[in-house]
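Below is one structure; the comments refer to it alone.
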Amino acid sequence: MNWKTDFNWDLALKRNSEALKGIIAALFAMLGLVDNATVSRIPKPLHRAVLLVLRPAESALRRLIVIAARGLVVKVAPSDPMPKGLKIGKGSGGRLPAFQLYDTRKYFPELSSGRRRPAKYPPRIRFIEYDPRVAALFPAPPPVADPTPPPSDGLVNGERLSRRLQVLKLALDDLPRQARRMARWRVRREAMKAPKFKSPLRPGQPPGRRKRQIHPIDEILVNCHALAWEAMKPDTS
């Protein structure tokens, strides 16, 4: 089958997008989120359960954006210098950050070229015999507070989780705009002299993928991952 001409990309994009929207709506209901409101404190089991679905959902959306951006031709205007103190993609105040278009890369410390070298001149350590007259010259140290932490109430901060879920929903609701962002991102990467990576998808398995599928999001992620790699292949027809 010729993926570029025979496969119904629009239908695949629609089906997976609708399935992902249903899962996001369920996560909103689990947290009790309404519009742009956030929840401050939530139980740990709830936080863990939402995060278990949110991570693969973010990966699935990233691959849907890649599929939606296939064949797009965009013009990238020269970028203006950013004002000091601002960072691209970072939300400020009540604004939400932009959805991250690329997978976070894995870090392998054993492959890192930067190795610590031993000090050329190691510090000289000398031990002086204890003299009570010297100790009397210094005030007594303040009493140490009890290191025992207060008992936990079983709740954790849920604001960051709420914002991630809202960013996910906003990006999925405006998929054409995210596709244009992806197309511009790839053009800029290709124009760089030595980028760390050019593909928005990292090699190997996508973030959040599980060997054993325990939730509908797992099947969606597998499908979107395979389609995204096919969408990024150059057209040789």
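Where does the charge balance sit around L168 when Lys and Arg score +1, Asp and Glu -1, over other residues with C-beta under 11 Å from its C-beta? Overall, the nearby charge balance is +4. Separation of the alpha carbons by more than 26 angstrom is noted, of K75/K193; K106/K233; K106/K198; K21/K196; K14/K106, for K21/K196; K14/K106. Residues with beta-carbon under 13 Å from that of R210, excluding R210: net charge, scoring Lys, Arg +1 and Asp, Glu -1? After counting each charged neighbour, the total is +2.
The order of F28, F7, F138, going from fewest to most other C-beta atoms within 10 Å of their C-beta, is F138, F7, F28.
Full extension of the segment from K193 to R95, taken as 0.36 nm per residue of separation minus the current Cα-Cα distance, would add 32.0 nm. If R0 equals 25 Å, the separation of the Cβ atoms of D173 and K106 corresponds to a calculated FRET efficiency of about 0.25.
With a cut-off of 12 Å between beta carbons, the residues surrounding V156 carry a summed charge of +2, where Lys and Arg count +1 and Asp and Glu -1. Only the Cβ atoms of Lys and Arg (+1) and of Asp and Glu (-1) were treated as charged; on that basis the dipole of segment 148-218 about its Cα centre amounts to roughly 640 debye.
Just so you know, all these numbers are worked out from the coordinates, no wet-lab data involved. Since this is a predicted model, take the numbers as computed values, not measurements. Backbone-built Cβ (ideal geometry, glycine too); neighbour counts: all protein chains shown.
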